[in-house]
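Derivation of every value follows stated rules applied to the coordinates shown; laboratory data play no part. Bear in mind that the values here come from a model prediction, so they are computed numbers and not experimental data. Here the Cβ is made from the backbone with ideal geometry for all residues, glycine too, and neighbour counts use every protein chain on show.
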Amino acid sequence: MNVDRALLMFAGIMILVSLALTHYVHPGFVWFTVFIAANMMQASITGFCPAVMIFKKLGIQTGCAFK
């Protein structure tokens, strides 16, 4: 698994968690979903993502999107 795939998996899990929290805990957790989406959009434009830096430190190989 490379960083690109790990990031997609992480983002998908976080979106599902935030939607479950919104549904079962409090509607205000929808802002967590908005934050995840905004972070994904800025990462696609700038190429900077804090999660990628963490994944690289954990030893996951770099992919073609985040070098």
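Residues in segment 11-25 that are surrounded by 11 or more Cβ atoms within 10 Å (Cβ to Cβ) and among the aliphatic types (A, V, I, L, M) were compared, and the one that is nearest to the chain's Cα centre (by Cα) is 11.
Filtered by the rule that a residue be of a type outside the set (A, V, I, L, M) and either buried (at least 17 other Cβ atoms within 10 Å of the Cβ) or out of contact with any Ser or Thr (no Cβ under 8 Å at 6 or more places or on another chain) (or both), segment 47-65 gives 47, 48, 49, 50, 55, 57, 59, 61, 62, 63, 64.
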